[in-house]
Structure formats: structure tokens, C-alpha cells
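Enquirer: Below is one structure. I have some questions about it.
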Amino acid sequence: AMSFSLKTIVASAMFGLAGFAIAHGNVTPQEVDTGNLPELGDDVRIENPFREGSEFGEFNAQAIKIGESAYAGNCAACHGIRAMSGGLTPDLRELTEWDDEYFINRVRNGTDRGMPSWKKSMDQNAMWAIRSYVESLPKPE
């Protein structure tokens, strides 16, 4: 009976650790309806075009609304509700407008630490809408 319980404990521990290891970044991409946002095309922009004062700044409010839904379906599982990270992932509210290029590259390409690449499942309209939403949130205290 002792060897059975030891095997069970070891198997359970290994299964649990495997689940923990793959849990981060294991998100089924949710489709994002970008509504009437202007089509940004394939050339990757390095500044948020929907930020007030930018090329399509007049779409900022719409981008925030679209971004809120897109964030909830694709980002919140790892980065927290309203981007309030639990500490395991970066607090996206701490990014500044100078971090646009960093943001778009991370979202498009992912990281080797668990962040998936989104470039095959999300266009840059959706990515910049998410960025606009995160920028609209209060900064951490």
C-alpha cells in the first residue's frame, strides 16, 4: 500500500507541476471585433495611432471600448482584471507612451517566459485598442 501512495503522490505532483508550467500563456484567443476603427494595414506601427493627438486620435473613445472587451477576453487571465497584475506578470498600467514599440513587439511576438505571440490571431487594430484601454486605466498607486 505504501508504494501505491508514493506513486500516487509523485504522479499527482508531476501532473500539478506540468499544469502550472503551461498555465501561463495558455489562452484560447478570442476574436476581436474592431468595429469602425480605421484599418491600419500590415505595416506595424510603433506608436499608438488611437491615442488622443495621434493620427486616428478621434477614435480614442471607440478604441478604449473595443480594447476593454478584447483585454477581458485575451489578456485578463494573465495580466489581471483592469490590468491589475497579481505580480507574476508585468503591470501594464506602468507603461508610458514611450513604451509603444515595446508593447507592440511583445504582443506580436510573445516572450520566452510564457507570453504567447498574438500576431496570427489578432491584428494591430485590436492590439492598439487594447493599448488604448490600458492607457485609460488609473495608474497604480
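Enquirer: Give the relative contact order (percent, whole number) for region 34-139; include only Cα pairs under 8 Å separated by 6+ residues.
Expert: Across region 34-139, relative contact order equals 38 percent.
Enquirer: Now a separate question. When only the heavy atoms of the protein chains count and the probe is 1.4 Å, how do GLU31, GLU97 rank by accessible area, highest first?
Expert: The residues order as GLU31, GLU97, largest area first.
Enquirer: Related question: Below 12 angstrom from the Cβ of PHE56, what's the summed charge of the other residues (Lys, Arg +1; Asp, Glu -1)?
Expert: Around PHE56, the surrounding residues sum to -3.
Enquirer: Computed FRET efficiency, Cβ-Cβ of ASP112 and LYS65, R0 30 Å: what is it to the nearest 0.05?
Expert: That gives a FRET efficiency of 0.35.
Enquirer: Roughly speaking, what is the stretch gain from GLU47 to ASN105, that is 0.36 nm per residue apart minus the C-alpha to C-alpha distance, in nm to one decimal?
Expert: Stretched fully, the GLU47-ASN105 segment lengthens by 19.8 nm.
Enquirer: While we're here: With a cut-off of at most 10 other beta carbons within 10 Å, and DSSP calling the residue loop, which trypsin sites (Lys or Arg not before Pro) in region 90-141 qualify? Please list them.
Expert: Taking region 90-141 and a limit of 10 other Cβ atoms within 10 Å, the loop trypsin sites (Lys or Arg not before Pro) found are ARG113, LYS120.
Enquirer: Also, I was wondering about something else. Count the net charge of all other residues whose Cβ sits under 13 Å from the Cβ of GLY110, scoring Lys and Arg as +1 and Asp and Glu as -1.
Expert: My count for the surroundings of GLY110 gives +4.
Enquirer: Determine the share of region 43-136's accessible area contributed by carbon and sulfur atoms, expressed in whole percent, with a 1.4 angstrom probe.
Expert: 51
The values are calculated or read from the model by the stated rules, or taken from the named source; none is laboratory data. Because the structure is predicted, anything quoted here is derived from the model rather than measured. Glycine also receives a Cβ, built like all others from the backbone with ideal geometry; neighbour counts cover every protein chain displayed. When the accessible area is computed, the model is the full protein with side chains, heavy atoms only, and any ligands, DNA or RNA have been set aside. Shrake-Rupley method; radii C 1.70, N 1.55, O 1.52, S 1.80 Å.
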